[in-house]
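See structure below.
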Amino acid sequence: MGKKLSIILVGFLLLFSCKDEESRPIKPATDAKPTEIKRAQTPVFNQDSAYQFIQTQVDFGPRVPNTKAHANCAIWMENTLKNYGAKTLVQEAVVTAFNGDKLNMKNIIAQFSPEKTKRVMLFAHWDTRPVADKDTERKSEPIDGANDGGSGVGVLLEMARQFSIKQPSIGVDIILFDAEDYGAFEGSISSMPNDWCLGSQYWGKNPPIPNYRPKYGILLDMVGGKNAQFPKEYHSMLYASHIVEKVWSTAKLIGYGNFFFESRSNNYPGVIDDHYYVNELANIPSIDIIDCNPNTGKFGEYHHTHADNMGIIDKNTLKAVGQTVMEVVYQER
Ligand code: AHN
Ligand code: ZN
């Protein structure tokens, strides 16, 4: 008898407790997290791999247009991107430099998920400066360009490797521009306007992909130097401040805020770089992640000297930039 009663009692208690659970008042809408979208899992950027991609470029020799090293490096980059599953396209042309030199240039274009309409464009220049005009020695000899030329490509090739393992929700285009660094040599008299960035200028005036409309562009230029500083560059802020804020706040969020700086003002530094022509000629809001002094706008001591070799490349910088840009890309949907 007692046992039966206790079973009934327990049954009632369970029934009530369940009922109680069910009849709890529904949380007011204001209290509920509104459509909480989970952050996507961003793969881990491998700085050793990026470093190796820079080493490979430097091992070709200076990638100066019209040289064997330049031609060989172009083939290697295209094959590498193709092997990572991109649809590749090489835009070839002859452009004229400030001094009349005819440059055989190649813009390397790699499309990941080309069928997707929502896309972003990541770019860097891959050529190296034909002279070391800011050095005191061997000024007429070309530089290794480990940072200026090598680093942006190295970081983007590692990202391409990551895309081959886990594809982002959106489409991504990697564009490696040629003939960026053939601007007028220091002390040279003859000059022309728009003497830098000949590859991106050619691309802007001769669009290789019809109706190409990525949401925005991110340029990586000198993203491997030790103790690099990336200020909010003037033209980036002028044309695409929302992208600057997105990238800089992402860097801070994932712990790389120590590389990404505010500029002293909106005037410094203003850099004429490939992003300038992508903005002006293609109307794609684009920013430049470029290592220069946030106060003066000056580039590092290594700039356009023979010191721009593997010795100044720091994997921590490669990681900070690579992981930040990957985080931005993988969070897009
Ligand atoms: C000018 O100095 C006008 N532009 C710098 C762009 C550059 C050269 N980036 C790397 N090398
Ligand atoms: Zn340069």
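The values are calculated or read from the model by the stated rules, or taken from the named source; none is laboratory data. All values derive from a computational prediction rather than experimental measurement. Quick reminder, even Gly has a Cβ in these numbers, built from the backbone with ideal geometry, and neighbours come from all protein chains shown.
What to note about this one:
- No other residue among PHE230, PHE177, PHE261, PHE185 is free of Cβ contacts under 8 Å to residues at least 40 places away in the same chain and either more than 28 Å from GLN111 (Cβ to Cβ) or surrounded by 15 or more Cβ atoms within 10 Å (Cβ to Cβ) (or both) apart from PHE261.
- Flag if ASP148 is within 16 Å of ligand 1 (Cβ to nearest atom), under 20 Å from the mean Cα position of the chain (by Cα), among the acidic types (Asp, Glu) and under 17 Å from ALA184 (Cα atoms): yes
- Qualifying residue in region 124-135 (condition: in a strand (DSSP E or B), aliphatic (A, V, I, L, M) and touching a strand residue (DSSP E or B) at 6+ places or on another chain (Cβ under 8 Å)): yes
- Region 133-148, residues that are within 11 Å of ligand 2 (Cβ to nearest atom) and either surrounded by 23 or more Cβ atoms within 10 Å (Cβ to Cβ) or among the β-branched types (Val, Ile, Thr) (or both): ILE143, GLY145, ASN147, ASP148
- Some residue of region 302-313 being in contact with a Phe, Trp or Tyr (Cβ under 6 Å, 6 or more places away or on another chain) and among the polar types (S, T, N, Q): no
- Region 289-318 - residue that is acidic (Asp, Glu) and farther than 17 Å from ASN258 by Cα and, of those, surrounded by the fewest Cβ atoms within 10 Å (Cβ to Cβ): GLU301
- Here SER151 fulfils each of the conditions (1) in a loop (DSSP other than H, G, I, E, B); (2) within 16 Å of ligand 2 (Cβ to nearest atom) apart from (1).
- Count of residues meeting criterion [at negative phi, at pLDDT 95 or above and either small (Gly, Ala, Ser) or within 16 Å of ligand 2 (Cβ to nearest atom) (or both)] in region 187-213: 7
- Residue count, region 107-132 (criterion: more than 22 Å from ASP221 (Cβ to Cβ) and buried (at least 18 other Cβ atoms within 10 Å of the Cβ)): 1
- Residue match in region 254-263 (condition: touching a helix residue (DSSP H, G or I) at 6+ places or on another chain (Cβ under 8 Å) and at pLDDT below 95): yes
- Members of region 197-213 found to be surrounded by 21 or more Cβ atoms within 10 Å (Cβ to Cβ) and in a loop (DSSP other than H, G, I, E, B), listed by number: CYS197
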